[in-house]
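Below are the structure tokens for one structure; questions will follow.
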Amino acid sequence: MNDQPVRVNRDRLWDTLMRLARIGSYRDAATGLTGVRRLSLTDEDVLARRQVIAWMREADLVVRIDRIGNVYGRRAGTYDDLPCVLMGSHIDTVATAGAFDGTLGVLGGIEVVRTLNEHDVTTLRPVEVGFFTEEEGVRFGTDMLGSAVAAGRLTLDYAHKLTDDAGASIAEELVRRGFAGPEHERRPIPFAYIECHIEQGPILAAAGVDVGIVTGVQSISWQRLELSGAAGHAGTTPIEHRQDAGLAAAAVIVEIRRMCESGQFGELRGTVGKLALEPGQTNVIPASATMTIDMRVPDDDAMTAAEAHLAAFVADLPRGYRVTGRLERMAKTCVVRFNSDVQALLAATADDLGLPYVKAMSGAGHDAQEIAAVCPTAMIFVAGENGGVSHTPREHSNPTACGNGVDLLANAMLRLANQPDR
Ligand code: GLV
Ligand code: MN
Ligand code: MN
């Protein structure tokens, strides 16, 4: 046990973050920057998984892998039968990522363990660092997948059957990649979970602080919309005869924006981030359109109303556009509020470390919102630069902010890991 605050090695943390960012790095044409692309269970993700596991083992963590490919590294506690304190996040990325989203929580957790090892700090409870499969949902279409399976919200069977755009299933990919682990995915329930994550928004920077305490996560709805019209000649088909699926897609996009601005659905944010027109030729009217719809709002009733409005708008498309639409659910999570005791512990720890903080609700989804269903959970945000932009190579932070966030992670985790009881 150690009553003095521990301080992690910020240079080593930064170096580890930068080293992992080299796996899956690519030249981003839109920004001219170097970004990171490590979609779940691709070659790049597998290389990153192996690297992170190697770092875990170097830190003397005992590694185990569950049946959905979540990876956990364990450091024994003095009373090793007690439930552990878990730190973690994800190392998969969107296709246009920076170096910090998810990785900060995982590599930060490893840095905490390295620091404990160096200073011979023991804990009553075991301590674990984990990373969850397919947090981003970009490849297989459901976000927070590994943590949702670990927490029991989604079944392993549901997850295994999800496929990517090329038809490869998660089950096949886990086996092919050697990450279909033997451990049961419903791991023993931790004593508590803390996730440290880059904020991915502007609140911390505006407040001039490096760290934030996250109060919860807003509701997230992902749907796929397939629109069916009819192909025809671009030059000869009279406008009034068209069944233009591209036009209907545009109407849906504009309607979503109108919904966000209307105030009718609280602080709704809606995004169509993926859109494909078929047959996709200059001189052919689009016969079909497929799009994803991402809606978020920090109020479950507002989300219910927004989904109902969207469904009614889609049902009405044949009248205005002679195009039919079919909505399919990809993922949905309700508003999650993090444990107030863990938030209070984070606040007290930040005060003791002399770290000013603000409290903020998360606009982004996180593994913590799933794990919150099974054990007391909270999150630390770390300020980003460039206005907190994320899911683009412009995402950036700095060694001081990351070091402060991981110092807070280390010391809050230590307080929890030395609690004999709640
Ligand atoms: C995860 O990054 C999300 O989409 O919020
Ligand atoms: Mn993330
Ligand atoms: Mn992300």
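Determine which member of the set Thr155, Thr103, Thr133, Thr123 is open to solvent by less than 10 Å² (accessible area, probe 1.4 Å) and more than 19 Å from Val71 (Cβ to Cβ).
None of the other options fit; the residue is Thr123.
On to the next question. Has segment 14-27 got at least one residue that is of a type in the set (Gly, Ala, Ser), within 20 Å of the chain's Cα centre (by Cα) and in a helix (DSSP H, G or I)?
Looking through segment 14-27, at least one residue is of a type in the set (Gly, Ala, Ser), within 20 Å of the chain's Cα centre (by Cα) and in a helix (DSSP H, G or I).
Kindly establish whether Ile203 is surrounded by fewer than 20 Cβ atoms within 10 Å (Cβ to Cβ) and under 27 Å from Ala95 (Cβ atoms).
Yes, satisfied.
Could you list, in sequence order, the residues of segment 340-396 that are farther than 23 Å from Ala151 by Cα, within 17 Å of the chain's Cα centre (by Cα) and either away from ligand 2 (no atom under 16 Å from the Cβ) or open to solvent by less than 30 Å² (accessible area, probe 1.4 Å) (or both)?
Once the filter is applied, which keeps residues that are farther than 23 Å from Ala151 by Cα, within 17 Å of the chain's Cα centre (by Cα) and either away from ligand 2 (no atom under 16 Å from the Cβ) or open to solvent by less than 30 Å² (accessible area, probe 1.4 Å) (or both), segment 340-396 yields Ala360, Val382, Ala383, Gly384, Gly388, Ser390, Thr392, Pro393, Glu395.
Residue pairs, Cβ under 6 Å, 6 or more apart or interchain, first in segment 12-31 and more than 30 Å from Thr115 (Cα to Cα), second assigned to a strand (DSSP E or B). List them.
Tyr26/Gly35; Asp28/Gly35
Another question, if that's okay. Looking at segment 172-195, can you tell me whether even one residue there is β-branched (Val, Ile, Thr), within 23 Å of Leu104 (Cα to Cα), crowded, with 18+ Cβ neighbours inside 10 Å and within 16 Å of ligand 1 (Cβ to nearest atom)?
Checked segment 172-195: no residue is β-branched (Val, Ile, Thr), within 23 Å of Leu104 (Cα to Cα), crowded, with 18+ Cβ neighbours inside 10 Å and within 16 Å of ligand 1 (Cβ to nearest atom).
Can you list the strands (runs of 3 or more DSSP E) lying wholly within segment 265-383 that have 1 or more residues being of a type in the set (Asp, Glu), modelled with pLDDT of 95 or more and out of contact with any His (no Cβ under 8 Å at 6 or more places or on another chain)?
Fully inside segment 265-383 and qualifying: 275-278, 288-297, 324-333.
If we only count helices (runs of 4 or more DSSP H) wholly inside segment 115-234, which ones have 2 or more residues that are free of Cβ contacts under 8 Å to residues at least 24 places away in the same chain?
156-161, 170-177
Do you know which residues across segment 63-93 are surrounded by fewer than 19 Cβ atoms within 10 Å (Cβ to Cβ) and either touching a residue at least 40 places away in the same chain (Cβ under 8 Å) or of a type outside the set (A, V, I, L, M) (or both)?
Those that are surrounded by fewer than 19 Cβ atoms within 10 Å (Cβ to Cβ) and either touching a residue at least 40 places away in the same chain (Cβ under 8 Å) or of a type outside the set (A, V, I, L, M) (or both): Arg64, Ala76, Thr78, Tyr79, Asp80, Asp81, Leu82, Pro83.
Could you count how many residues in segment 206-232 are under 17 Å from Glu267 (Cα atoms), more than 16 Å from ligand 3 (Cβ to nearest atom) and crowded, with 23+ Cβ neighbours inside 10 Å?
1
Is it the case that some residue within segment 326-339 is more than 22 Å from the chain's Cα centre (by Cα) and away from ligand 1 (no atom under 16 Å from the Cβ)?
Yes, segment 326-339 has at least one match.
Being of a type in the set (Asp, Glu) and within 16 Å of ligand 2 (Cβ to nearest atom) is the requirement here; does Glu136 meet it?
In short, yes.
Still on this structure: Test each condition in (1) part of a helix (DSSP H, G or I); (2) open to solvent by 50 Å² or more (accessible area, probe 1.4 Å); (3) closer than 18 Å to Leu225 by Cα for Ala249 and report the one that comes out false.
Every condition holds for Ala249 apart from (2).
Determine, yes or no, whether Glu261 is among the acidic types (Asp, Glu), assigned to a helix (DSSP H, G or I) and touching a strand residue (DSSP E or B) at 6+ places or on another chain (Cβ under 9 Å).
Here the answer is no, as Glu261 does not meet what is asked.
Looking at (1) in contact with a strand residue (DSSP E or B) (Cβ under 6 Å, 6 or more places away or on another chain); (2) within 16 Å of ligand 1 (Cβ to nearest atom); (3) part of a helix (DSSP H, G or I), which one does Ile91 not meet, given that it meets all the others?
(3)
Could you please tell me which pairs satisfy a Cβ distance under 6 Å, a separation of 6+ or placement on different chains, a first residue in segment 356-371 that is under 14 Å from Lys332 (Cα atoms), and a second residue that is open to solvent by 20 Å² or more (accessible area, probe 1.4 Å) and within 15 Å of ligand 1 (Cβ to nearest atom)?
From residues that are under 14 Å from Lys332 (Cα atoms), the pairs are Ala364/Gln200; Gln369/Val336.
The values are calculated or read from the model by the stated rules, or taken from the named source; none is laboratory data. Please read these numbers as outputs of a predicted model, since none were measured by experiment. Using ideal geometry, Cβ is built from the backbone for each residue, glycine included, and neighbour counts are taken over all protein chains shown. Just so you know, the surface numbers come from the protein's heavy atoms only, side chains and all, with ligands and any DNA or RNA stripped out. Shrake-Rupley method; radii C 1.70, N 1.55, O 1.52, S 1.80 Å.
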